[in-house]
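Since every read-out is calculated from the coordinates, none of them should be taken as a lab result. Because the structure is predicted, anything quoted here is derived from the model rather than measured. Because the Cβ atoms are built from the backbone with ideal geometry, glycine has one as well, and the counts that use them run over all protein chains shown.
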Amino acid sequence: MIPTLLGAIILLAALLLLVMGTRLQMLIFVFACALLHGSASLILTVLGNTSIQPALSVVPILLLRCLLPSRQPSRVGSALAGNAWLMLLVGYSVFGAFVLPFLFRDAIDVVPLRPTGGSTGLVTFPLKFTTQNITTAFYMLSTLVGAIAAHMAITRPGAGPVLARMASVITLTHAAIGWFAAGVANTGLNVVVRFFRNGRYMQLDQSFDGFARMTGIAPEPSLYASFGFAWFVFTTELWLRNVDRRWSGPAALVMFLTLLVSTSSTAYVGLLGYSTIVLLRLVFFVGTIPARKGFAMATCLLVLVMCGLALIAGSEEVTNSVARILRLTTSDKLSSESGIARNFWAMQGFHAFATSWGLGIGIGSFRSSSILTAVLGSSGAIGVVALVLYLLRVFRPFARATYTAVGDIDRDTATAAAWTVMMVLVPASVSSPTPDPGLLWGLLAGTVLALRSVAARQIAAAPWAEPQEFAPFPSQLVAIDRRTIVT
């Protein structure tokens, strides 16, 4: 195990928060550390130089902080009950990682999660147990611990406004990192970016026709885009519910523009999927999105279209370059070598599911390009059912509050995070190599359940104080205490 200088700094800050900070402050610190997804706090040499990201290294400290005696109860039982289906998914997946590769050894040829011996993405090997089974199991356990710890960290009302502001700050910071890294790509200031990109990943610096792609301090553009997309959805949903709108609105707009110029197909798939969902909500769930919000989004899109037309009319050279970039990252993607490999990786999940008779062949046993087929082939029917049931518990698709702001910041922030948990799976369905939804996903899911639990206890204690579900003329209402009304 090799510690890094960055890891030492982060560990020191985490220990100070452990002694002097609150549970909520510790949770916010973990969210902030998630920005450093191309960094490493530790290098595990026994697992093939696996890099442990800063957020992963401080999650155990967050859990410890939640378990330490405090004036607020830890509510361990509530956290475990709320995340029961996720516990089943992770528990079976971790068990399968150490059992299923031996049970189905040599029964199927797969592309390993980490290529070995200079092999390409289309070279298969007989199934066997590898260190990647251990590594993926560790990551999935971290996702579960993150969800449970986030649930335990939020124990009283008032966390919603803090988390909403945190979301906007992280979104703006992530966008700024991307623009800064792209701007200093070929200058001496790039040493700052290299300091944070200290992980033992395959760090990719890509460009199209001289234009640097958005990577920030992430290993590759798709990871930068997927992280940014999650916070874009979160801040957009906060803005739609009028939660901290002076911060969430600009943050969402900045991240939207950043994703547009990122040249990442992951970003474009995510934006297309989320735009479709928002359009369906506008058409079939009339009134759930305020008219002024819908008009503002339509205006932004119209301005972008007009700018695009002006660009086409003003410079043929720039237009050709932009068109080529868009073509390479969208329509030509499937027929490219990368697209063919991704399709092959995704199909491995179906083959693994059939070969294992629905049991799966163990997480980390093969490389996928979709989290859906990765779960199907790795954890089988049990994993798929557990994931679906957990998503239903977090998202609550049949609850009115999922689509309409209720006027309480905690509950509206929970709903915004719930939409994020669901929408994060859209780009992951075409890009994720493993069945692990990720630590950020787990933290957000635990946050959703915790905020709802706190709101439920508050309503039970004072049912007359519950805010109304729908305001026909919200602009005439005045904000009182923690409550806010959508305008």
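Numbers below:
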quantity: Rounded to whole Hz, the Karplus (6.51, -1.76, 1.60) HN-Hα couplings of segment 268-276, x for glycine and proline; calculated: 5, 5, x, 5, 5, x, 5, 4, 5
quantity: Distant-in-sequence amide H partners of Val110 (H built 1.01 Å from N, under 5 Å); calculated: Phe125, Leu127
quantity: Note, ³J(HN,Hα) from phi for segment 123-138, Karplus 6.51, -1.76, 1.60, rounded to Hz, x at Gly and Pro; calculated: 8, 9, 9, x, 4, 7, 6, 9, 5, 5, 5, 5, 4, 5, 4, 4
quantity: Distance between modelled label sites at Tyr403 and Phe180, nm, 7 Å Cα→Cβ extension; calculated: 4.2 nm
quantity: Computed E for Ile459/Leu260 - FRET, C-beta separation, R0 41 angstrom, nearest 0.05; calculated: 0.50
quantity: Amide H contacts of Asp408 (H built 1.01 Å from N, under 5 Å, at least 5 apart or other chain); calculated: Thr484
quantity: Whole-Hz couplings from phi, Karplus 6.51/-1.76/1.60, listed for segment 62-68; x for Gly and Pro; calculated: 4, 4, 4, 4, 6, 8, 5
quantity: For segment 5-154, Kirkwood radius (reciprocal of mean inverse C-alpha pair distance, Å); calculated: 17.3 Å
